[in-house]
Structures are given as structure tokens and as C-alpha cells.
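The values are calculated or read from the model by the stated rules, or taken from the named source; none is laboratory data. All values derive from a computational prediction rather than experimental measurement. Positions of Cβ are generated from backbone atoms using ideal geometry, with glycine treated the same way; all protein chains shown enter the neighbour counts. The accessibility values were calculated without ligands, DNA or RNA, using every heavy atom of the protein model including side chains. Shrake-Rupley method; radii C 1.70, N 1.55, O 1.52, S 1.80 Å.
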Amino acid sequence: FLTGIPEDMLTSLATSVSIQEVPMDHVIFRQGDVGDAFYIIVHGSVRVETNHDEGTNLGTLGPGQYFGEMSILFSDEHARNATVVVSSDKAILLSIDKDSFQRIFGSSNNTLAAEFELRVLKHSANLKHILAHPLGVTSFRDFLEKEHAGENIDFWSAAEDFATCTCESTRTEKATSIWLLFCAEYADRQVNLPHSITSKLDDCINTKNEFEPDLFDAAKKEIFKLMERDNFGRYKKSTEFSDFMSRLGILML
């Protein structure tokens, strides 16, 4: 899943990776531990289990496979949901800690970080991960157009763009455009927002002339939840999703 990562980032990654050789039956981490590293198996195998004392075996991972990925993909502390134990005579592992991952990927290239997360999560990716990648936004838009719901992703994208705009006069123009196209009572591409949100937007835009960067945040969250609830499950079963992952070189086995 490292295919496509620029050479300079691979170099940075290589200097941040730790190599560990661990013996049979060594517990790499336990269920409930707070995760702080991600592991790739170079040699040997590990057993993944829950309720370690009772030995509920979830399966075995071998060379080229990985585990512990959730610990570096989320900003908050993430408890391990399983115990991982070396099951071969020995195992050789590459590990990268959360701080190193976020230093290399998080700040310099958001698209690259999103792609790495998609490579790790595959079928477990959620809508947030899809929309963090420009090709993911295009893919999801194509799917929503088929479901006659393209206005939702276009509103979400416009609101995202508005929030990053630093020019006050440009924000004023963008806010008015977004309001008229997506939110006003007779908008051509009206999105389904609660009256409380549209009323507040109307007041800020048309009465108070307030155009702060967070103006559309509540509406954007509402539409995100709508897309997640109503469309995302079908999207993950669609050709648009499989084609998107294929374009990134991610095998969906």
C-alpha cells in the first residue's frame, strides 16, 4: 500500500521506521491498550485474538500484512480492539509511531495522507476518508448524480471551499451564491436542511451581513450526516467505489 508515495516521503518514512525481531508467544500489544504504533510484518506470523486468557482466535497474519492501523489514523487515543501475539518461531516487524506518521503525512500533503488511510482501511473506510481525497469527491459525486442527489455533495464542497476563503469580499460573494443556489426557499438545487439552520443562515446573510468562515458549518455537518446515512452504504457496493479504489492501485480482495 506504499505504492505511489513520493521518494522523499518514503525516505522520511524509512528513517522513522523501527525494526523489531520478536520471539514466539511474545505479546505485541493487548486488547484495551492505547495504541501508538502501526506494524507491517516482514517475516513470520502473528495471531490476532480477543479475550487473550480464553484464547478467542480471530485469525493469523503473515508477511506483507499489517495491524494496529487504527492507532495512527485517528487523532484521539484509540484503544486496541484485539490482542496480537507472535505465532511463528520469531517475527520481524516494521513499526511506525503515530507522531512520525502525522509528521510525514499529516501536514505536508493531505491528499497523500488520505490515500494512505484508504490503502489501510479499504472496505472499512468511511465517508470522511473518501471525501478527503479529490478523486473520492469526484467518485462520490458521480454516484450521487445517479441517485439524483448530486446537490448534496456540491453543497458540501462549496461549504468546504467557503470555510477556507480568507478574503472577506470573496466570502460575501460565495456565501450569497451558496445561499441562493442551495438554501433559499426556492433554490434551484435546494438541499434538505432543518428550518432552524436555514433561518439562522438567512439572518446572517440577508440581515446581519455576517460572513464568518464557520457560517455554513452546521449546514455542512447536517448534509454530511444525510449523505452518510442515505447514500454511503450503497456507494461502497457500487462500481464508482471499486473504480475509485482501483485508480489508487488498491486491491479490494
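How would you order 236-246, 39-49, 200-210 from highest to lowest mean count of nearby Cβ atoms within 10 Å? If you can, show how the numbers build up before the last one.
Details: 236-246: 16.5, 39-49: 18.8, 200-210: 13.5.
In descending order of packing, they fall as 39-49, 236-246, 200-210.
Modelled spin-label separation between residue 111 and residue 43, with each label point placed 7 Å from Cα along the Cα-to-Cβ direction: 3.9 nm. If R0 equals 22 Å, the separation of the Cβ atoms of residue 160 and residue 17 corresponds to a calculated FRET efficiency of about 0.10. Computed from the C-beta positions of residue 208 and residue 103, the FRET efficiency with R₀ = 35 Å rounds to 0.25. Distance between the 7 Å Cα→Cβ label points at residue 172 and residue 50: 5.7 nm.
Counting protein heavy atoms only, segment 98-253 has 48 percent of its accessible area on carbon and sulfur, 1.4 angstrom probe. Amide hydrogen proximity for residue 58: with H placed 1.01 Å from N in the peptide plane, the residues at 5 or more positions away or on another chain lying under 5 Å are 48, 49, 50.
Here the 3J(HN,Hα) profile of segment 67-72, calculated from phi with Karplus coefficients 6.51, -1.76 and 1.60 at θ = phi - 60°, is 7, x, 5, 5, 5, 9 Hz, Gly and Pro shown as x.
Charge dipole of segment 96-173 (Cα centre as origin; +1 on each Lys and Arg Cβ, -1 on each Asp and Glu Cβ, all else neutral): 380 debye, rounded to the nearest 20. The label-point distance for residue 70 and residue 148, in a model that sets each label 7 Å from Cα toward Cβ, rounds to 3.9 nm. With 5 Å bins beginning at zero, the pair-distance distribution over Cα atoms of segment 198-251 amounts to 5, 16, 16, 13, 11, 11, 10, 9, 7, 2, 0 %.
Provide the convex hull volume over Cα atoms per residue for segment 152-253, in Å³.
Details: hull volume 12.0 nm³, N = 102.
Here the figure is 118 Å³ per residue.
How much of the calculated P(r) for the chain lies past 32 Å, in percent of all Cα pairs? Walk me through the numbers on the way to the answer.
Numbers: 11978 of 31878 pairs.
The proportion of pairs with Cα distances above 32 Å equals 38 percent.
Using only the Cα atoms of segment 82-160, what semi-axes does the equivalent ellipsoid have when each is the square root of 5 times a gyration tensor eigenvalue? Give whole Å, largest first. Please list the in-between numbers first.
Working: eigenvalues 236, 55, 15 Å².
Over the Cα atoms of segment 82-160, the semi-axes work out to 34, 17, 9 Å.
Kirkwood analysis of the Cα pair distances in segment 49-192 returns a hydrodynamic radius of 18.9 Å.
Give the calculated FRET efficiency between residue 7 and residue 89 to the nearest 0.05, with a Förster radius of 30 Å applied to their Cβ-Cβ distance.
Values: r = 35 Å, r/R0 = 1.16.
In this case the efficiency is close to 0.30.
All C-alpha to C-alpha distances of segment 149-210, sorted into 10 Å bins beginning at zero, yield P(r) values of 22, 57, 20, 0 percent in whole numbers.
Accessible surface calculations at 1.4 Å, restricted to protein heavy atoms, place the chain at 53 Å² per residue.
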